Structures are given as C-alpha cells and as structure tokens.
Amino acid sequence: MASADLPAGLLDALRQAGRVVFLTGAGVSAESGVPTFRDALTGLWARFRPEELATPEAFRRNPQLVWDWYRERRRQVAAVAPNPAHCAIATLQARLPHTLLVTQNVDGLHQRAGSVDAVEFHGNLFTNRCRGCGHTAPQGDPQLAAPPPCPECGELMGPGVVWFGEAIPGEALERAWRGASEADIVLAIGTSGLVTPAASLPEVARQGGALVVEVNLQPTPLSAQADFVVTGPAAQSLPAIVAVL
Ligand code: BV8
Ligand code: ZN
C-alpha cells in the first residue's frame, strides 16, 4: 500500500497523539502464516468449533483432545516468524512517546518482533496454567504428549491462554482499560471485534475522547466507531504508515 492511500488526517493525528494504544487480533499474525482463530480449525480439527475446544468444559471433558490442539498450535507458531505488521508496530512503539500494545493473540509474535511489555489480553501459548489452583509454569517441552499434572495440586494443567467463559486476567484488564481511557488514539488492527470484552476497548477509548483507527481487510462491527479506516493487509498498511510518519 502506498502512503498516498492512507486516509487524510491520519498521519497528523498520529503525530499529534500523546498516548497511542494498539489493539491487535489474529489478523496481525495471519501474514506470518498463523491461521486466524476461525481458520485454525482446518483439517482434522475442522469438525470442531473454537468454543468446543477453547473452553474449560472441553478440557474437563477431553483433556487429551484439547491438549493435542494446543500442541499443534504451539508447533505451528514455533515454525513461523513475525511479519512486517508486527515489526511496524514495534517500530512505532519505539518512535512514539507513549504507547500501549494490547493483543488478543497468544502467539508471542509481537514480543519476538521487539514489542515490549505487551498486554496479553488472552494469555499466551507458551505457559501452562492449572485451573484447579491457578499455578502457572513455563510450557517446558512444547511437544509434551499429554497435559502435565500440576505440581501444586495434582490437577491436569492446560495452556496458559484465556478460554471462552474464563475471566480476563485482572492485571491485563486493568492495564488495557486504563490505557484505553487515557488514549488520544487507538488503532484496532486485524481484529474482527467479535470477542468480548476485548471488542469493547475501542469504545472505552472513544468515550475517553480518543480517535479510533481500524486497520483490517474488511469492515467489522468496529468500523462504525472508526474515525479512520485503513483497508488492506496490515503487513502493507502499517509499514506504509511507518515510512511516512
Ligand atoms: C469472558 C485464547 C466473563 C484462546 C481467545 C455466549 C455464550 C458464552 C460466552 C459468550 C457469549 N457471548 C459472548 C460471550 C463472551 C465470550 C465471547 O466473546 N464469545 C464470542 C465467541 C462471542 N468471551 C469470553 O468468554 C471472554 N471471557 O467474557 O469472561 C467472565 C467474567 C468473570 C468470571 C468468569 C467469566 C474470554 C474470551 C477469550 C477467548 N480466548 N483466545 C486460544 O487462542 O485458544 S479469543 C480468540 O478468538 C483469539 O484470541 C481472538 O482474539 C478471537 C477472535 O479470533 P479470530 O477471528 O481469528 O481473530 P479476530 O477476531 O481477531 O479476526 C481476524 C480479523 O483479522 C478479521 O477481522 C479479519 O478480517 C482480519 N484480518 C485477517 N487477515 C488480515 C486481517 N486484517 C489485516 N491484515 C490481514 N492480513
Ligand atoms: Zn494446581
């Protein structure tokens, strides 16, 4: 995308913004080859819906099946690299005076691209967490064949992600909502705006007086709230912004 295709006024808004919040979804990792959440259920997983695998009930019902799905996703993510969208966000974070990155992604690619202190709103793939006592631990062997027993309470440990029906970790929620309410501009990048409460973040920012930018391939429920819409692949549009900012 050429910078000439960027919406008029966006660059000035970014230059004048004191506090910038990035909210990213699976679309930012799509160009690294990480399937978005809905695409992730292909092949042998195609017969499941995300809500049938990414829930505490699914893990209680069939821990091995759920574990196998996360083991496959850990393998997929370990085999890919951050893409220009992740790198552009890390560059903007280094250049702009005050930024906060809130990601719904669990793949750790923002951190591998150089972003620091990201708010992992939905946890991450590379830790394990016990739903019995809350004990968390690094994932250890990413290809461990079965869910390990919790060293504290003996229950089977699952991946350190936030499943549907689980609360967002308190610190992540607090940092994200505080950042949004103080923001001058929020960029919602590669998110369908379908999953709550993450999808409410742009509205929290807007109510605090922030401008809203949406970067996506297509319209979403967030588009109506956006002051600026950048349509196209994030791995092209974000580097185009970096090139002229
Ligand atoms: C909570 C970690 C309360 C796991 C994820 C009805 C019944 C039951 C529950 C609910 C219900 N209605 C609403 C709910 C609440 C529920 C929810 O929102 N459900 C949805 C399905 C409607 N939310 C929750 O349960 C949350 N918790 O509410 O707790 C509570 C309070 C107190 C005490 C107890 C409980 C927890 C939600 C977290 C779920 N975990 N991930 C894992 O990864 O395995 S969410 C998961 O799906 C991803 O993290 C992602 O954020 C989300 C969406 O996935 P995708 O569709 O892949 O990604 P995204 O939406 O970002 O879409 C991709 C976008 O990118 C698209 O717009 C596409 O156009 C765009 N794109 C693609 N390529 C590109 C691009 N854009 C730019 N460039 C490109 N190249
Ligand atoms: Zn435990």
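The values are calculated or read from the model by the stated rules, or taken from the named source; none is laboratory data. As the structure is a computational prediction, the values presented were derived from the model and not from experiment. Neighbour counts are summed over all protein chains in view; Cβ atoms, including those assigned to glycine, are modelled from backbone coordinates with ideal geometry. The area values use the complete protein model at the heavy-atom level, side chains included, leaving out ligands, DNA and RNA. Shrake-Rupley method; radii C 1.70, N 1.55, O 1.52, S 1.80 Å.
Report in % the part of the accessible area of the chain that belongs to carbon and sulfur, leaving out ligands and nucleic acids; probe 1.4 Å. Walk me through the numbers on the way to the answer.
On the way: 5810 of 10750 Å².
The computed percentage sits at 54.
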Normalised by the residues of region 176-233, what does the relative contact order come to in percent, with Cα pairs under 8 Å and at least six apart? 35
Name the residues whose placed amide hydrogens come within less than 5 Å of the amide hydrogen of V229, ignoring near sequence neighbours (fewer than 5 apart) on the same chain. E214
In order through region 176-188: 3J(HN,Hα) via Karplus (6.51 cos²θ - 1.76 cosθ + 1.60), integer Hz, x for Gly, Pro: 5, 6, 5, x, 5, 5, 9, 6, 8, 8, 10, 10, 8
Principal-axis tilt of helix 84-95 within the chain, Cα atoms, nearest 10 degrees: 60
How high is the relative contact order of the chain, in percent, counting Cα pairs under 8 Å that sit 6 or more residues apart? 26
With +1 on the Cβ of every Lys and Arg and -1 on the Cβ of every Asp and Glu, the dipole magnitude of region 131-226 about its Cα centre, in debye rounded to the nearest 20, is 160
How much length would be gained if the chain were fully extended between R178 and A145, taking 0.36 nm per residue of separation minus their Cα-Cα distance, in nm to one decimal? 7.9 nm
Over region 92-222, with a single point scatterer placed on each C-alpha, what log10 of the ratio I(q)/I(0) does the Debye formula yield at q = 0.12, 0.17 1/Å? -0.54, -0.95
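Where the only charges are on Cβ atoms (+1 Lys, Arg; -1 Asp, Glu), what is the dipole of the chain about its Cα centre, to the nearest 20 debye? Mind showing how you got there, number by number?
Values: 18 positive and 23 negative charges, 61 e Å.
For the chain, the charge dipole is close to 300 debye.
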Could you tell me the relative contact order of region 118-189? Use alpha-carbon pairs under 8 Å, at least six residues apart, and round to a whole percent. 35
On a 0 to 90° scale, report how tilted helix 63-78 is relative to the longest principal axis of the chain, with both axes built from alpha carbons and the result rounded to the nearest 10. 40
Among P97, Q76, A58, the residue whose Cα sits farthest towards the positive end of the charge dipole of region 35-116 (+1 at Cβ of Lys and Arg, -1 at Cβ of Asp and Glu, taken about the Cα centre) is Q76
Debye sum, Cα scatterers, region 159-213, no solvent: what log₁₀ I/I(0) at q = 0.32 1/Å? -1.28
Can you give me the accessible area per residue for the chain, using a 1.4 Å probe, in Å²? 44
